[in-house]
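Trainee: Below: one structure in C-alpha cells.
The values are calculated or read from the model by the stated rules, or taken from the named source; none is laboratory data. Computed from a prediction, not measured in an experiment: that's the story for all the values here. FYI the Cβ positions are ideal-geometry reconstructions off the backbone, even for glycines, and counts take in every protein chain you see.
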C-alpha cells in the first residue's frame, strides 16, 4: 500500500478479474437504461436510445477495462495522485476515441441521433457524461483506499497490542511452574524456558504474515507451557493437513485463540477438557478451527462478555488481507465454543505491513 519512501500507491480493482468485468458490464447497462429513459419520449425512442447508448457505453467500458487491466502493474507503482490522474486521462481518451469512431460510422450510415447528425454536441455530451462518471468512480476508489489505509494502520497498532499482551497470570504461573521444575525435572524446566522464549520472540517479531507451520509451532510452545501447569486437565487434539504448512496466514492467528480457549473454556471447568485445533483444506480454502468445551450457560455467557480483542483483531486482519473471501465464524453451542477462520488459497494477499 506504500513504497519504501512512505508514499501512498494507487489501488485500482483488478479489471482482469472476470467478476470485476461482469460488474462493469452490469453497471454500464444500468446506466445505459437510465440515460435512455431520460432522453426518450416514447417507447420506440427508448429502444433506439437504449441500443445506441448500450453500444457506445459497452465499447467504452470494455476498452477501458482492457486498458486498465493491461497497465495495472505499472499504474500501481505510481504515486496515488499521479495514478488517478493518469487513469482519468486514459479513460477520457478512450471515451473520445469511441465517440469519434461512432460519429464517423454515424456519418457513413446517415444515422441520426436526436434528429441531428453526429456533431460537436455529441462530443460535448460524451465528454461531460464520461468526465462525471469517471470522477465519481475514481473518487470512490480513493475513499475506499483511504479506508483500507486507516484500517491497515489500526491493524498494525492492534497487532502490536496483541503481541504485547501476555496475560500477567500466564507469565506468573509459567515462572512458578519453571521454578518448581528446576529441581524435580530440569529437562522439562529447560524446555519450558525455551517455549517461553519462543513466545517472547514472536511478540517482538515485526512480521504480519507467517507460515502456517510456524504458527502451529508457536501454538504448541504455548500449549506445552500450559500443559505443565494444568496437567491432565488439558487435553489437546490436533488435526493438521501437512500439505498446508507452507501457506502464509496472518501472524498470531492461532495462539491467541488457543489462549482464549484455555482461559475461558478449560480453566473454569474443574475436570478440564479437550481443545481441538485443526487446519484443513476445504473447498479451496484453509479452514483453521479452535474449539473448547463449555460447562454451563453461565460460563458460556461469561465467555461472550470477556475481552474480545484477539478475536476482533483477527477478524479485522482477515478482512483487510483477503477482503470478503476471508471469513471469521463463531459456533457457540451448549457444549462447545468453536472459532473458525476460512482463508482462500487461490488469492494473492496484500500484506498489511507494506
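Trainee: Would you check if there is a residue in the stretch 220-228 being assigned to a helix (DSSP H, G or I), in the same structural domain as residue 320 (by TED's automatic domain parsing) and closer than 30 Å to residue 346 by Cβ?
Mentor: Just the residues of the stretch 220-228 that are assigned to a helix (DSSP H, G or I), to begin with: 220-228.
Those left that are additionally in the same structural domain as residue 320 (by TED's automatic domain parsing): 220-228.
When the remaining residues are screened for being closer than 30 Å to residue 346 by Cβ, the result is 220.
Yes, the conditions are met somewhere in the stretch 220-228.
Trainee: From the list 98, 110, exactly one residue is over 28 Å from residue 319 (Cβ atoms) and modelled with pLDDT of 80 or more. Which is it? Spell out the reasoning first.
Mentor: Values: 110 fails: modelled with pLDDT of 80 or more.
Answer to the selection: 98.
Trainee: Give the stretch 236-257 a look and list any residue that's surrounded by fewer than 16 Cβ atoms within 10 Å (Cβ to Cβ) and either closer than 9 Å to residue 211 by Cα or out of contact with any strand residue (DSSP E or B) (no Cβ under 6 Å at 6 or more places or on another chain) (or both), or say none.
Mentor: Within the stretch 236-257, 242, 243, 245, 246 meet the criteria.
Trainee: Scan (1) within 20 Å of residue 336 (Cβ to Cβ); (2) exposed (fewer than 15 other Cβ atoms within 10 Å of the Cβ); (3) at pLDDT 90 or above for the single condition residue 233 breaks and write down its number.
Mentor: (2)
Trainee: Here is a follow-up. Tell me which of these residue 268 doesn't satisfy, since it passes every other one: (1) assigned to a helix (DSSP H, G or I); (2) crowded, with 16+ Cβ neighbours inside 10 Å.
Mentor: (1)
Trainee: I'm told residue 66 meets every condition in (1) under 19 Å from residue 138 (Cβ atoms); (2) surrounded by fewer than 13 Cβ atoms within 10 Å (Cβ to Cβ) except one. Can you identify the failing condition by its number?
Mentor: Status for residue 66: all satisfied but (2).
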